[in-house]
């Protein structure tokens, strides 16, 4: 399952929030999480992967979770996105 | 003696002996190995040791500099364990039967290259983090023992090619009096760390490392961005005096940072800052700003190829309001046109751009642009204390028209079920003489005035402020200007409204005594002027300044006014 966000932080995604996303994704061993933007898909368990997306304000970012706890993972990741002021849900 | 210039990265003056912090040779050779498992084990050991070190640095930074500064090392720890980084290194070792240090260097360089080629300046600087982490691992792989900056135990000035974030975090404030580097900029990590550690620093000197020998006497002037190597005794004496004066001033300003702005006889005024982007708010708070008195929204519209969307604007306004946490934020609606062009609007060239189709004149005509900005502002209004002001208002008709558009947009948002603050003050810039003269009428309808002195002076004196040949007519202390300011303040106070000033004059030390005397309520200036202004105001008595202002209004020339201020204030 997946959710799409629009990046609203004017600095795009920085090391600090990227760290929070990776820390969250890594907590779940049974579920794989990915981030996809501009046709590039990376594992959310890699901070270098997330930074390599080069996300800027206005870009869309799709978070994808696959596995036993996919709903919980996606929920937690969305919380981080909103709490860090990174993005808003994109319809 | 030798003098080098660089970038002033962290304010203050330091005088001490040079300590050269050289980074050892990290060059690696490609070697074929038979036992790849041994290389994999070496890599694991190096990662383990690096991890222990980074945990210690993170802990130390957390204690000394706080959570925000420690976050960078949390990121470094994640890079250290990043499967996208470490897995390719391991597979390179096994598939090509090569040594761990070479494989690590190869993969790290790929990431460094990737960051260096990114569009965003921020992400380009992440190359430095990648280098820092890979050097740390290499150090263990190559068995290099390096003097850690943490071991420096005598008063020194550190000289280096560059300081990594981890180097800087380990500097001991007790011994490291200052540092200077060949590379780096004001926003590089080492510069930001230096400012939080309050260590004077000059970066980006290009060649300081080549010019200094260990033990040389060095002066780092982090105010001017200059470095002196083996200076003469006279220079040292001169800088000792500068250093003392600066330290005293800082101590005084620091005391004032969290205090209200009070005159000697305890009359309170508000010191605010002018900003252009949300990133400027940090400086406002660091300098004890009590409000944002002018948020120039033009920057949102410049340097791009189309108008900024409602959401882009909303986010910027919301960020500023939230960061100011309830303190007033005066946002000036779009002041563009004339000399400040937006190429994508394709406006025709004008003969007299300063007297032309600009600011509110343009906004009332191009309501498609104006309404988007107002909606963004209204939506953001619930996140703080928003005040809106219209620029270049010449007639009451313009103000009423602009206010009507604002109320329409507010109505629309409310009917869409979107929350809007009920307490948004609405004011105007006073920068056209007609408005200053008719201020008594305006004062009945606006919530506040903000006097824009740069334009008010240019329009009153009929002198183009871009034309150097008439620059002598830029006379903020001319009694004609003071009388206009006096009229505006009196008219506003009669209606119980407040008056601010957001031109350069508001932070000017000759003007401040006069403005206190005239009864100005809010002074908005560049953030770095706030603490000096608060210090100056604390030494002024309003009753004395009132007398001074009354006399000033009766002078004939600007020169006489300046003389009068000097004679009164220096007493």
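Axis angle, to the nearest 10 degrees, between helix B:233-257 and the longest C-alpha principal axis of chain B: 60 degrees.
Shape class of segment B:236-299 from the alpha-carbon gyration tensor: oblate, with a/c at 1.5 or above and b/c at least as large as a/b.
Rounded to the nearest Å, what's the spacing between the alpha carbon centres of segment B:506-530 and segment A:27-41? Just the number, please. If we compute the Cα centre of each part, the gap is 54 Å. Among B:10, B:5, B:120, sorting on how many other beta-carbon atoms sit within 10 Å of each Cβ, with the fewest leading, yields B:5, B:120, B:10.
In plain terms, the bigger the Kirkwood radius, the slower the diffusion; for segment B:66-224, with that radius from Cα pairs, at 4 °C and 1.567 mPa s, Stokes-Einstein puts D at 76 µm²/s. Shape index of segment B:135-246: Rg/Rh, with Rg the Cα radius of gyration and Rh the Kirkwood radius from the inverse mean 1/r over Cα pairs, equals 0.98. Measuring max minus min along each principal axis, the C-alpha atoms of segment B:282-358 give extents of 42, 26, 16 Å (largest first).
Ranked by Cβ crowding within 10 angstrom, fewest neighbours first, how are B:258, A:59 ordered?
Ranked by crowding around the Cβ, least crowded first: B:258, A:59.
Any chance you could tell me what percent of the C-alpha pair distances in segment B:258-569 go past 28 Å? Looking at segment B:258-569, the distances longer than 28 Å represent 38 percent of pairs. Take every Cα pair under 8 Å whose residues are at least 6 apart in sequence, average their separation, divide by the length of chain B, and the relative contact order is 13 percent. Rounded, prolate or oblate: which fits segment B:41-92 when a ≥ b ≥ c are the square roots of the eigenvalues of the alpha-carbon gyration tensor, with rounded for a/c under 1.5 and prolate only if a/b beats b/c? It comes out oblate by the Cα gyration axes. Report, to the nearest 10°, how far helix B:121-142 tilts away from the longest principal axis of the Cα atoms in chain B, using its own Cα long axis and a range of 0 to 90°. That helix lies at roughly 20 degrees to the long axis.
Sorting the segments B:382-388, B:419-425 by their mean number of nearby beta carbons within 10 angstrom, highest to lowest, gives B:382-388, B:419-425.
Relative contact order for segment B:149-253 using alpha-carbon pairs under 8 Å, separation at least 6, rounded to a whole percent? Relative contact order here is 21 percent. Three principal axis extents describe the C-alpha atoms of chain B; from largest down they are 91, 65, 44 Å.
For residue B:172 paired with residue B:64, estimate the spin-label separation in nm (one decimal), with each label point 7 Å from Cα along the Cα-to-Cβ line. Going from the residue B:172 label point to the residue B:64 one covers 0.9 nm.
Measuring between their Cα centroids, segment B:478-504 and segment B:90-157 lie 59 Å from each other. Relative to its Kirkwood radius, the Cα radius of gyration of the protein assembly as shown gives an Rg/Rh of 1.02. Determine the shape class of segment B:441-571: with a ≥ b ≥ c the square roots of the Cα gyration tensor eigenvalues, call it rounded for a/c under 1.5, and otherwise prolate if a/b is greater than b/c, oblate otherwise. Rounded is the answer for segment B:441-571, as its axis ratio a/c remains below 1.5. Shielding of peptide B:305-312 by partners, expressed as the average count of other chain Cβ atoms within 10 Å per residue Cβ, is 1.
Given bins 5 angstrom wide, list per bin the percent of all Cα-Cα distances in segment B:363-450, short to long. Going from the shortest bin to the longest, the percentages are 3, 14, 25, 23, 18, 11, 4, 1, 0. Largest first and in whole Å, the equivalent-ellipsoid semi-axes of segment B:24-142 read 26, 18, 11, each the square root of five times a Cα gyration tensor eigenvalue. For segment B:298-416, what is the convex hull (Cα atoms) projected area averaged across all directions, in square nanometres? Mean projected area of the Cα convex hull: 7.6 nm².
When you restrict to C-alpha pairs under 8 Å that are six or more residues apart and normalise by the size of segment A:1-65, the relative contact order lands at 51 percent. Along its first, second and third principal axes, ordered by size, segment A:3-42 spans 33, 24, 15 Å in Cα coordinates.
In terms of surrounding Cβ atoms within a 10 Å radius of their Cβ, A:4, B:333, B:453, B:168 rank from fewest to most as A:4, B:333, B:453, B:168.
Can you tell me the 0 to 90 degree angle between the C-alpha axis of helix B:36-65 and the longest principal axis of chain B, rounded to 10? That works out to roughly 30 degrees. Using the average count of surrounding beta-carbon atoms within 10 Å as a protection proxy, the listed peptides B:213-222, B:78-87, B:241-250 rank, highest first, as B:213-222, B:78-87, B:241-250.
None of the figures in this text is laboratory data; all of them are computed from the coordinates on show. Predicted model only: the values in this text are computed from it and were never measured. Because the Cβ atoms are built from the backbone with ideal geometry, glycine has one as well, and the counts that use them run over all protein chains shown.
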